[in-house]
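One structure below.
Only the coordinates and a few stated rules stand behind these numbers; no lab work does. This structure is a prediction, so every number in the text was calculated from the model and none was measured. FYI the Cβ positions are ideal-geometry reconstructions off the backbone, even for glycines, and counts take in every protein chain you see.
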Amino acid sequence: MRGVYIHIPFCQQICHYCDFNKVFLKNQPVDRYIEAIGKEFYYMKEAGHSFEEVETVFLGGGTPTALSVEQLDRLLTIVSQYIDVTTLKEFTTEANPDDLSEGQLSILKEKGVNRLSIGVQTFNERLLKQIGRTHSNEDVERVIAAARSVGFENISIDLMYSLPTQTVSEWEETLDRALALDLPHYSAYSLIVEPKTVFYNRMVKGKLPLPGEDVEAEMFEMVIERMNAAGREQYEISNFAKPGYPSFHNLIYWENSQYAGIGAGAHGYLGKERYSNVGPLMHYIDHLEEGKLPRKDVHEVTLAESMEEEMFLGLRIVEGVSMQEFQKKFNRPIKEVFGKPIEKLQQQGLLHIDGDLLRLTRKGVFLGNTVFQEFLLGD
């Protein structure tokens, strides 16, 4: 187990694009939920899972910073009972610009959190309202200044493009303002309209004016060029960082390594099993108060699935997939398993071999999903 993800499902507002497991904070059993997280840690340890080799912890949501200072303190105390946070390579929490107070920043820093991932999405106030965000540009600048004053240096912001009615010039203005903050890490995702979201319902009714594929490709090209020019290398399809500042936790996912998922609706990958927890809050709490792990699904990953995942996760990283590491891990040469798709994608100019590494070409980065589908052995 290299990483631990902890899901905090509470939000002050629900964004129009979000399909994660979340609930409005008001009138929720937050304190019981935090204690249930402690119980899940305990029962996982009882089941033989060791937290001693953990390199990264990630508090995600929802919005972890929707918790009060006291609740955050309790949650972080529980984490430190099971994980030596002083030895972690990275301890990240997600945050919203308008609900991260100086008191929270202080307790986060004191309890070992060393990286902030702040959901900004856009610096266009009109688009912020359209996507259901409640913060302002001033909130972003204030919270980053406050974080720096408390001693946080490793700060990332999330940005989104291809938003409804968004223009290329509006995206460029967002990139200008984002880069002016001079942060070590930026994530930039194109909008994906997921079922059960406000945006999905609008799309079904024909009331979601999206920019279209050509504009989306232009926006993606712009972010790559602007980030690289500013010294933030694209180390993964949607992520850009100064040297030494990647998201080490997310690299665990892309390297197809093992991690625990703790909390309602969380997913994990341990041993040969991928699992998901029950999503509804009270079901999660009840399972743990009854003395059992809150598993909803447990799937034993086959050798074929593991090899597929190695390819379509690993190729997301710009560095690519090591053919030697593949052979070491699966005891089979990569070309014996995936020779045909590798050859086909090379001919299409989507993949290239650079020494030991199999990588996406520039064209392949833009057509990632087309590439990844070729590595599904069942097809």
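For the chain, the list of Cys residues with no other Cys C-beta under 4.7 Å reads 11. At an R0 of 51 angstrom, the distance between the Cβ atoms of residue 215 and residue 283 translates into a FRET efficiency of 0.75. With N as its number of residues, the stretch 228-290 has a Cα radius of gyration that, divided by 2.2 N^0.38 Å, comes to 1.57. Computed from the C-beta positions of residue 222 and residue 27, the FRET efficiency with R₀ = 51 Å rounds to 0.75.
Give a quick list of trypsin sites (Lys or Arg not before Pro) in the stretch 223-309 that DSSP marks as loop, anything other than H, G, I, E or B, with at most 13 other Cβ atoms within 10 Å. List each step's numbers first, then the result.
Working: sites: 226, 232, 272, 274, 292, 295, 296; in loops: 232, 272, 292.
For trypsin sites (Lys or Arg not before Pro) across the stretch 223-309 that sit outside H, G, I, E and B with at most 13 neighbouring Cβ atoms in 10 Å, the list reads 272, 292.
Measuring how big the chain is from its alpha-carbon positions, Rg and Dmax come out at 21.0, 58 Å.
Within the stretch 303-373, all pairs of alpha-carbon atoms sorted by distance into 10 Å bins from zero give the percentages 21, 61, 18, 0. Any of 39/109; 272/296; 328/363; 22/129 with alpha carbons more than 22 Å apart? Name them for me. The answer is 39/109; 328/363.
Assuming R0 = 51 Å, what is the FRET efficiency of residue 168 and residue 292, from their Cβ-Cβ distance, to the nearest 0.05? It comes to 0.45. Cross-link partners for residue 205 among the aspartates and glutamates, with Cα-Cα distance under 15 Å and sequence neighbours closer than 8 places in the same chain left out: 194. The alpha-carbon of residue 329 sits under 19 angstrom from the alpha-carbons of these aspartates and glutamates, leaving out residues fewer than 8 places away in its chain: 255, 273, 300, 305, 308, 309, 310, 319, 356. Over all orientations, the stretch 1-130 has a Cα convex hull whose mean projected area works out to 8.4 square nanometres.
Annotation for the stretch 1-75: trypsin sites (Lys or Arg not before Pro) lying in DSSP loop with at most 14 further Cβ atoms inside 10 Å of their Cβ are 26. The calculated 222 nm mean residue ellipticity attributable to helices in the chain amounts to -12500 deg cm²/dmol, summing -39500 (n - 2.57) over DSSP H runs of n ≥ 4 and dividing by all residues.
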